[in-house]
Amino acid sequence: MTDKILYSVLFGFVAGIFTRSFVDFGAGFSLFLILLGVVLFLVGKIAPPDFDFSEKSKAGGGFALLAVFLLATGLGVLRYDFADRAAVRFALDEYFGQTVSLEGAVIDEPDEREDVTRLTLKLQTLTLGEIERPIKAKILVTAGREPRYFYGDRLSISGMLQKPENFLDETTQREVDYQSFLAKDGVYAEMFKPRIAILSRGEGNPVVEVLFAFKRVFIGHLNTLIPEPHASLLGGLIVGAKQSLGKELLDDFRTVGVIHIVVLSGYNITIIAYFIEWLFSRFRRNLRLLLAASSMILFAVMVGASATVVRATIMALLVILARATGRLYAVTRALLIAGFFMLLHNPKILVFDVSFQLSFLATVGLIFVSPIIEPRVTWVTKKWGMREIVVATIATQLFVLPFLLYQTGVLSLVSLPVNLLVLSAIPITMLFGFLAGILGFVASWFAVPFAFAAYALLAYELFVVEWFARFPFAAVTLSSFPLWLVMFCY
């Protein structure tokens, strides 16, 4: 019964957030659901003697679970209401289309693209003409590549304030809900190439600043030792570096269905978690648990704490805890708990963050589809983990396919062989790349052999991607893949 109550709470909370993401029934709806759940629970407690409300009875247990589900649904709606208040009372609405001066701090790692840098600023003051007023809001700023900006920089920007607009994807010819994508992070305004003055540096969290500085130096070593675009790909594999590979190469990765390796994915996080656990394996249990957990959390912060990284990190922490305490690690429960805490922090990612959705679908595929596939691929050798890679690749590719077709309309016909060829080389690529970057702190010549090995593997992976992407039948674009068909597939 305990598991049923847990799942009633989790699924009820998700149901509340999901419903509220599409429909706003008003401020009192969440309170109504909470009150209804409480009333049902109390009614069961004061039910007639001939009605068995105990957890052991079928009727009573179902009644209790319904009460818990409604209570959790109400709390889910309430949590979304609180998150949505910023959108309703957004401080910059009245200034859209006007030239204003703003002052604020860079609160996230700059996203460096080919010819621009995207900055997320937390604003403190707004100046319009002679009027200056305090303001609390976030804004996305598109700036040039030079000068370079860093986390914790305090900036003064001046330009036209714009409201983000949805746009049409050139490849799929589908509308991208850009407004909702930014809104999930509390960003409702943007500026394109304003005048920028750096007022001061180092005003961010000192721990985060140190982590980002270490990451910059680490990536600098990779860029020194390895040419582009190999260095950018390696930086994305190891530390989630936000450096562009170029539009043409990124399109190739999408065409062959391996775009997930360009950025730090759950697969990469799992490899890193195993490495960290092995690194501290000789310490006493409590110290090993503390060091491994702290390292994973710091690493998640350093690489940007995206939805995929957070989900994988929470699950990795649960694995470490389960092994340290000798308790059984229930992966399904861990996945749901990870999702619950992520939604508790930011409920808008449930519907408006595709990476969150894909990450969970891929994990569900690993949990439930892999056991079905594994007995059917016994002909694949277990050497070098090939059978595990084949099973995981087929399971995840099959399970996320309907959702990917709904989101992008791109069906990669070469995705399976490309994933098999590329993923088998990723762990050793990450190992050699990590050693090259770390040894670069000692001496560049000491890191050269490892950099050369990493470069050879990266060259192989890029060759596979580019060669398969040249096939005329590598991918087809579907004009429409409706939501009802997605639901039917699942």
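The values are calculated or read from the model by the stated rules, or taken from the named source; none is laboratory data. The structure presented is a predicted model; accordingly, all values stated were derived computationally and were not measured. Because the Cβ atoms are built from the backbone with ideal geometry, glycine has one as well, and the counts that use them run over all protein chains shown. With ligands, DNA and RNA removed, areas are computed over all heavy atoms of the protein, side chains included. Shrake-Rupley method; radii C 1.70, N 1.55, O 1.52, S 1.80 Å.
Please pull out the direction-averaged projected area of the range 72-231, using the convex hull of its alpha-carbon atoms, in nm² to one decimal place.
Values: hull surface 51.6 nm².
Orientation-averaged projected area of the Cα hull: 12.9 nm².
Relative to the present Cα-Cα distance, how much length would full extension add between Glu228 and Asn205 at 0.36 nm per residue of separation?
5.1 nm
Ordering Met386, Met315 from largest to smallest accessible area (1.4 angstrom probe), what's the sequence? Working shown, then result.
Working: Met386 50, Met315 15 Å².
Listed by decreasing accessible area, they come as Met386, Met315.
Can you pull out the trypsin sites (Lys or Arg not before Pro) in the range 372-401 that DSSP calls coil and that have at most 12 other Cβ atoms within 10 Å? Could the numbers behind the result be given before it?
Working: sites: Arg376, Lys382, Lys383, Arg387; in loops: Lys382.
The qualifying sites are Lys382.
Can you tell me which aspartates and glutamates have their Cα less than 13 Å from the Cα of Lys138? Leave out same-chain residues fewer than eight positions away.
Counting by Cα, and skipping residues close in sequence, Lys138 has these aspartates and glutamates nearby: Asp93, Glu103, Asp108, Asp185, Glu190.
Can you give the helix-only mean residue ellipticity at 222 nm for the chain, where every DSSP H stretch with n ≥ 4 adds -39500 (n - 2.57) and the sum goes over all residues, rounded to the nearest 500 deg cm²/dmol? Don't jump to the answer; show the numbers that get you there.
Details: 19 runs with 283 residues, N = 490.
Dividing the helical sum by the residues of the chain leaves -19000 deg cm²/dmol.
At a 1.4 Å probe radius, carbon and sulfur cover how many percent of the accessible area of the chain? Let's see the in-between values first.
On the way: 16830 of 25630 Å².
The C+S portion of the solvent-accessible surface of the chain is 66 percent.
By how many nm would the segment from Phe368 to Val486 lengthen if fully extended, with 0.36 nm per residue of separation less the alpha-carbon distance? Don't skip to the answer; put the middle values down first.
Working: separation 118, 0.36 × 118 = 42.48 nm, distance 1.80 nm.
Full extension of this stretch gives 40.7 nm more.
Starting from the Cα gyration tensor of the chain, take the square roots of the eigenvalues, sort them a ≥ b ≥ c, and report rounded, prolate or oblate (rounded when a/c is under 1.5, otherwise prolate if a/b is larger than b/c, else oblate).
Working: a/c = 1.56, a/b = 1.13, b/c = 1.38.
The shape class here is oblate.
Would you mind working out the accessible area per residue for the chain, using a 1.4 Å probe, and quoting it in Å²? Spell out each step's value before the answer.
On the way: 25630 Å² over 490 residues.
About 52 Å² of surface per residue is accessible.
Express the relative contact order of the range 394-490 as a whole percentage, based on alpha carbon pairs under 8 Å and six or more residues apart in sequence.
Values: 73 pairs, mean separation 43.8, N = 97.
Value for the range 394-490: 45 percent.
Between rounded, prolate and oblate, where does the range 352-444 land on the alpha carbon gyration tensor, with a ≥ b ≥ c its root eigenvalues, rounded for a/c under 1.5, else prolate if a/b exceeds b/c? Spell out each step's value before the answer.
Working: a/c = 2.33, a/b = 1.40, b/c = 1.66.
Oblate is the answer for the range 352-444, as a/c is 1.5 or above yet b/c matches or exceeds a/b.
Can you give me the span-like helices of the chain, meaning DSSP H runs with 24 Å or more of Cα extent along the axis and Kyte-Doolittle mean at or above 0.5?
Numbers: long enough: 2-22 (31 Å, 1.00); 28-45 (26 Å, 2.36); 58-88 (44 Å, 1.05); 206-225 (29 Å, 1.08); 285-302 (25 Å, 1.42); 307-325 (27 Å, 1.73); 386-408 (30 Å, 1.21); 444-469 (36 Å, 1.42).
Both cut-offs are met by 2-22, 28-45, 58-88, 206-225, 285-302, 307-325, 386-408, 444-469.
A 28 angstrom limit on the alpha carbon distance is what I want to check against. Which of Lys247/Lys383; Lys4/Lys184; Lys215/Lys382; Lys122/Lys215 exceed it?
Details: Lys247/Lys383 36 Å; Lys4/Lys184 31 Å; Lys215/Lys382 35 Å; Lys122/Lys215 22 Å.
Flagged as over cut-off: Lys247/Lys383; Lys4/Lys184; Lys215/Lys382.
Taking 0.36 nm per residue of separation and subtracting the Cα-Cα distance, what length does fully extending Ala459 through Asn286 add? Numbers along the way, then the final one.
Numbers: separation 173, 0.36 × 173 = 62.28 nm, distance 4.19 nm.
Result for the pair: 58.1 nm of gain on full extension.
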